[in-house]
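The values are calculated or read from the model by the stated rules, or taken from the named source; none is laboratory data. Because the structure is predicted, anything quoted here is derived from the model rather than measured. All Cβ positions, even for glycine, are placed from backbone atoms using ideal geometry, and neighbour counts span all protein chains on display. The accessibility values were calculated without ligands, DNA or RNA, using every heavy atom of the protein model including side chains. Shrake-Rupley method; radii C 1.70, N 1.55, O 1.52, S 1.80 Å.
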Amino acid sequence: TERVATAQARVLLQPETLEKIQQRTIAKGDVLAVAQVAGVMGAKKTPDLIPMCHPMLLTSVDISFKEDPQPDHRGSCSITITATVKTTGQTGVEMEALTAASMAALTIYDMCKSVDRGMSFTEVCLLSKSGGKSGVYTRKS
């Protein structure tokens, strides 16, 4: 059966850091483009990183970003990363989706740490999964 899992991670950062990302003035390059590649690589390397995860053929990995430039009560803006992973294998892809979102978040930190060491991650979670014996799961908001 086709199996699909979607996970997210949220990066909290200073408004100035988000501006530099949007203007592509971070010294290491295009942050979101590199984070997207890192997310895909993370999904593919999950069995190498997480003990007991089975290697499998992934049919697709999609990484998207939603920027929120409005500062919260702490003065932080955010980038929400959404990772969707699909396979037709015999086991689910929840860990691959979670790893993809986490690796994209870590890459944003790595590329921007020279301007904002106070970045943090929150809301790393599984949003939904379908396929397999356990059926459909959708996170309640």
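Right, Ser64: within 20 Å of Leu18 (Cβ to Cβ) and at pLDDT 95 or above or not? Answer is yes for this residue. Suppose we filter Thr91, Thr82 for residues that are assigned to a strand (DSSP E or B), touching a residue at least 60 places away in the same chain (Cβ under 8 Å) and not acidic (Asp, Glu); which single one remains? Of the residues listed, the single one that is assigned to a strand (DSSP E or B), touching a residue at least 60 places away in the same chain (Cβ under 8 Å) and not acidic (Asp, Glu) is Thr82. Residue count for the range 89-141 satisfying the condition of being open to solvent by 50 Å² or more (accessible area, probe 1.4 Å), under 21 Å from Asp72 (Cβ atoms) and small (Gly, Ala, Ser): 2. Looking across Thr1, Thr80, Thr6, Thr46, one residue alone is at pLDDT below 95 and either open to solvent by 30 Å² or more (accessible area, probe 1.4 Å) or under 23 Å from Arg139 (Cβ atoms) (or both). It is Thr1. If we scan the range 15-31, do we find a residue that is of a type outside the set (Phe, Trp, Tyr), outside any loop (DSSP other than H, G, I, E, B) and closer than 23 Å to Arg139 by Cβ? No, every residue in the range 15-31 fails to be of a type outside the set (Phe, Trp, Tyr), outside any loop (DSSP other than H, G, I, E, B) and closer than 23 Å to Arg139 by Cβ.
If you go through the range 60-77 and keep only what is farther than 18 Å from Leu126 by Cα and either assigned to a loop (DSSP other than H, G, I, E, B) or open to solvent by 80 Å² or more (accessible area, probe 1.4 Å) (or both), you end up with Pro69, Gln70, Pro71, Asp72, His73, Arg74, Gly75, Ser76.
Go through the range 85-141 and count every residue that is among the polar types (S, T, N, Q) and in contact with a Leu (Cβ under 7 Å, 6 or more places away or on another chain). Explain how you work it out, then say what you get.
Within the range 85-141, the subset among the polar types (S, T, N, Q) is 87-88, 90-91, 99, 102, 107, 114, 120, 122, 128, 130, 134, 138, 141.
Now narrow it down to the ones that are in contact with a Leu (Cβ under 7 Å, 6 or more places away or on another chain): 87, 99, 120, 122.
Going through the range 85-141 one residue at a time, the tally reaches 4.
Assessment of the range 49-70 against the conditions (within 18 Å of Gly118 (Cα to Cα) and touching a Ser or Thr at 6+ places or on another chain (Cβ under 8 Å)) yields at least one matching residue. Taking first residues from the range 6-29 that are in contact (Cβ under 8 Å) with a residue 12 or more places away in the chain and under 24 Å from His73 (Cα atoms) and partners that are part of a strand (DSSP E or B) and aromatic (Phe, Trp, Tyr), the Cβ contacts under 7 Å between residues at least 6 apart in sequence or on separate chains come to Ala9/Phe121; Arg10/Phe121; Val11/Phe121. Is at least one residue of the range 9-19 more than 23 Å from Thr99 (Cβ to Cβ) and hydrophobic (A, V, I, L, M, F, W, C)? Yes - at least one qualifying residue is present in the range 9-19. For the residues Pro51, Pro47, the requirement of being assigned to a helix (DSSP H, G or I) and more than 23 Å from Glu123 (Cβ to Cβ) singles out Pro47.
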